[in-house]
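Only one structure is covered here, and it is reproduced in the block below.
The values are calculated or read from the model by the stated rules, or taken from the named source; none is laboratory data. These numbers were taken from a predicted model, which means no experiment stands behind them. Note that each Cβ is placed from the backbone with ideal geometry, even for glycine, and that neighbours are counted across all protein chains shown. The protein model used for the area step is the full one, side chains on, heavy atoms only, and it has no ligands, DNA or RNA in it. Shrake-Rupley method; radii C 1.70, N 1.55, O 1.52, S 1.80 Å.
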Amino acid sequence: MTRRAPRAGLRASIIVAFALGALGLSTILAVGTYFSARHLLVDQRERTALRQAYTDAALVRDSLLDAGVAVSDVLGSVTPPAGAVIYVRRDGEWYSSSLDSAGPDATAAVQPVVSSGSAGVTWTDVTDPHAVVVGIPLPAVDAEYYEVAVAEELDRTLWTLALALAVSAALTTVAGGALGLAASRRVLAPLADVTQAAVRVSGGDMSTRLTSTDDPDLVALVGAFNNMVDALRSRIEHDARFAADVSHELRTPVTTLTTSLSLLTSSTGLSPAAAHAVRLMDGELDRFRRTLEDLLELGRLDSNAVEDPATLVGARTLVTQSLLGSRRPLDLLEADATGADPLVLVNRPQILRALTNLYRNADLHGGGLTGVSVVEHEVHVDLVVEDRGPGVPPEDRRRIFDRFARAGGEKSGTGSGLGLSIVEQSVHRSSGDVWCADRPGGGAVFVVRLPKVAQA
Amino acid sequence: MECMPTRVLVLEDDHGLRSSLRLVLEDDGYAVVEAADAETALHAVSNSPVDLMLVDLMLGGMDGFSFIQRVRPGTEAPIVVVSARDGAPDVVAALEAGADDYVTKPFDVDELKARLKALLRRPALAQTERTQTDDVVVLDRHNGPLVFDRGAALLTRGQTEIHLTHTEFRLLSAFVDNAGRVLNRSALLEHVWDTGYFGDERIVDVHVRRLRKKLEIEPSSPHTLVTVRGLGYRLDLQ
């Protein structure tokens with residue numbers, strides 16, 4: 001199985017592109033500079049060698065013009081330049097200003113030119129380091145003059161130049177990479193803004209907008225993004241409003257039904273069958289009414305409407321009020337010996353509704369509410385609602401807070417299926433959290449955790 | 001002597017709901033006056049006073065807010081808004097206009113009946129409390145003086161009589177009974193409205209504001225009915 005290599009990121013691509021560009025450009029410049037300088041230096045060296053050779057050759061020729069003077073004697077009296085060796089060929093014999101005998105090989109390339117009567121310059125690798133070879137015919141004395149001068153200085157200069165240019169190319173490449181990094185930051189900055197804004201939008205903050213800009217390259221992006229968020233917000237609000245609007249329109253007819261039915265339920269003149277039918281209708285109508293109220297509440301929560309300011313209230317007071325409001329005995333609230341009532345800053349109506357929903361959930365699915373306790377921690381307060389039911393399987397404890405979710409394949413027909421979803425959203429609105437757990441000894445506990453307000 | 005039934009005006013433009021409310025209220029012993037629009041209701045009330053009004057807000061022609069504003073100066077009868085609108089601005093606007101209570105559709109019929117009884121019980125309750133508490137309390141001896149005669153359900157400043165609605169009477173009675181002590185909104189909701197604990201606490205704020213206009217020389221800087229920030233309200237006898 002082949003695995004595709006991970007694709008480089010945009011930032012890495014920009015940096016690499018800048019670095020490679022800088023490397024290519026600096027390499028071209030370095031190579032060009034090197035060869036230009038080399039050409040110049042070599043040419044200069046050849047001219048210097050030629051000039052020196054002509055001077056020395058003239059001296060040798062003049063000496064050899066004296067009758068009876070041996071070539072070896074003449075060479076012995078001539079001092080060649082440092083690093084240079086003079087060779088003279090006369091009558092097929094080779095004479096050298098030093099003891100080496102490399103003359104024939106070192107000058108082989110230029111010998112044909114000199115033999116034809118012209119001066120010549122060439123390079124040879126026979127020596128180490130290589131050397132410039134100058135050949136000058138001496139027809140007056142029937143001889144050929146050769147001067148072989150090693151180019152050690154030139155080699156050193158060229159090596160130093162090559163090193164300097166290589167270092168420059170490397171530094172230029174690094175600088176190119178740095179420039180690429182800076183450019184990538186500049187290019188990617190708007191993308192980072194878009195990313196952060198998108199994260200905020202996906203987190204539910206529909207007020208997020210990108211700041212308007214004069215940059216002609218970004219105007220279209222900013223405009224399109226902001227329009228997209230506007231459209232998204234409008235769509236979400238529309239969807240949320242739809243359920244609320246439908247529910248709202250049903251309020252008056254449902255009120256008429258409940259009001260009229262209340263007369264029938266209190267009537268004593270009905271046959272047993274009719275009374276039973278009225279009770280069934282009353283039960284279903286009550287469920288329908290609750291579902292309607294739950295849909296309206298969810299619509300309010302979904303539309304993010306903030307109607308009530310947060311209220312500073314005691315946690316035990318909240319539980320007491322919720323028990324009284326739902327007509328339940330106050331002794332369900334477990335006594336606290338300290339008498340403390342830790343303060344929480346919450347949307348009071350929403351939290352009261354959440355607690356009432358939990359009590360109702362305990363009645364419908366948990367075999368009845370067994371107690372509520374307030375547990376104070378260092379930075380938060382837990383409102384713990386307990387029931388005596390079968391508990392909630394671990395795999396369902398997250399899912400039961402979803403809309404219309406029911407635990408353990410329970411048949412529908414009891415609650416609206418929205419109660420716990422309202423609980424979760426309401427508690428989150430007050431910066432709290434809610435979860436379900438096992439109750440020691442059987443049953444379930446629902447814990448509403450609210451941030452505690454420090455008391456002065 | 002046969003007791004006259006309590007007359008209730010039902011101002012509701014939905015025929016079905018209006019009829020069902022009539023059936024339920026008549027079954028409970030009330031005499032019901034129906035009106036499908038505000039103009040008819042104003043005419044009916046001016047012809048023959050009623051003891052209680054149930055008012056819908058969304059009406060054709062004049063809306064419920066305007067009706068309450070028009071009818072409130074001429075009557076002390078409790079006004080209960082029955083509306084499908086449950087937004088905070090609607091609740092506050094209705095109370096500011098002069099409503100005493102606010103019930104959202106769909107409501108529980110028994111709860112509605114209980115709230116109507118609580119609103120109507122107040123004057124009678126004042127009479128029973130007459131022997132147990134001070135009948136006459138001087139609220140502000142420096143300005144007027146301002147005197148609350150609980151037995152006569154009368155507030156006077158000097159020689160001027162200041163009318164109190166039933167809710168204002170009940171609210172002032174609660175403050176007089178607890179003069180010098182802070183009453184929080186929840187306690188006031190329980191004592192004055194008998195609505196349990198799910199009542200909107202803004203009902204209290206709006207009615208305290210209205211009561212201040214009658215008690216204070218400068219309602220914007222109250223001295224008699226003061227706000228205790230974060231806790232509630234306190235009546236300070238001057």
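Summing charges over neighbours of A:ARG290, with a neighbour being any other residue whose Cβ is under 12 Å away from its Cβ, gives -2 when K and R count +1 and D and E count -1. For the protein assembly as shown, a crude dipole built from +1 on the beta carbon of Lys and Arg and -1 on the beta carbon of Asp and Glu, taken about the Cα centre, is about 1500 debye to the nearest 20. Any idea what angle helix A:10-65 forms with the longest principal axis of chain A, computed on alpha-carbon atoms, 0 to 90 degrees, nearest 10? That helix lies at roughly 10 degrees to the long axis. Across the protein assembly as shown, the convex hull enclosing all Cα atoms gives 346 Å³ per residue. Pairing chain A with chain B buries about 2200 Å² of accessible area. This figure sums both sides and uses a 1.4 Å probe. Relative to the longest principal axis of the Cα atoms of chain A, helix A:152-202 runs at roughly 10 degrees. Mind giving me the nanometre distance, one decimal, between the label points for B:VAL228 and A:LEU40, set 7 Å out from Cα along Cα→Cβ? My value for the distance between the label points is 9.6 nm.
Against the main long axis of the alpha-carbon atoms of chain A, helix A:272-302 sits at an angle near 30°.
For the stretch A:199-316, the mean projected area of the C-alpha convex hull, equal to one quarter of the hull surface, is 12.7 nm².
Taking the accessible area of chain B, probe 1.4 Å, and keeping the other protein chains in place, the carbon and sulfur fraction comes to 50%. The calculated FRET efficiency for the pair B:THR40 and A:PHE288, based on their C-beta separation and a Förster distance of 51 Å, comes to about 0.95. Maximal additional length on extending the A:SER118-A:THR195 stretch stands at 19.8 nm, based on 0.36 nm per residue less the C-alpha distance. With K and R counted +1 and D and E -1, the other residues having a Cβ less than 12 Å from that of B:VAL228 yield a net charge of +3. When chain B is treated as a GNM with alpha-carbon contacts under 10 Å, the residue of B:ASP149, B:ASP51, B:ASP108 showing the greatest mean-square fluctuation is B:ASP108. Placing R0 at 41 angstrom, the Cβ-Cβ distance between A:LEU264 and A:ASN227 gives a FRET efficiency of 0.15 after rounding to 0.05.
Calculated FRET efficiency, A:ARG156 to A:ALA178, Cβ-Cβ distance, R0 = 45 Å: about 0.85 to the nearest 0.05.
The label point for B:GLN69 and the one for A:ARG51, both projected 7 Å from the Cα toward the Cβ, are 11.1 nm apart. The accessible-area loss of the stretch A:341-366 on complex formation, taken against its chain alone with a 1.4 Å probe, reaches 10 Å² or more at A:ARG348, A:LEU352, A:THR356. Note on A:LEU312 and B:HIS163: the model spin-label points, each 7 Å out from Cα along the C-beta direction, lie 4.0 nm apart. Of the residues B:LEU211, B:ALA84, B:LEU120, the one whose Cα sits farthest towards the positive end of the charge dipole of chain B is B:LEU211 (charges of +1 on Lys and Arg Cβ, -1 on Asp and Glu Cβ, taken about the Cα centre). Computed on the stretch B:1-121, the Cα convex hull volume stands at 103 Å³ per residue. Between B:VAL204, B:VAL91, B:VAL228, the Gaussian network model of chain B with springs among Cα atoms under 10 angstrom shows the greatest mean-square fluctuation at B:VAL228.
Just so you know, the Rg over Rh for the stretch A:198-253 is 1.23, from Cα atoms, with Rh as the Kirkwood radius. Taking a ≥ b ≥ c as the square roots of the eigenvalues of the Cα gyration tensor, the stretch A:254-363 is oblate, since a/c reaches 1.5 or more and a/b is not larger than b/c. Near A:SER207: Cβ cut-off under 13 Å, other residues only, Lys/Arg at +1 and Asp/Glu at -1. The net charge is 0.
From its DSSP helices (H runs of at least four residues, each -39,500 (n - 2.57)), the protein assembly as shown gives a residue-normalised ellipticity at 222 nm of -16500 deg cm²/dmol.
The tail of the calculated P(r) for the stretch A:162-241, taken as Cα-Cα distances beyond 15 Å, holds 68 percent of the pairs.
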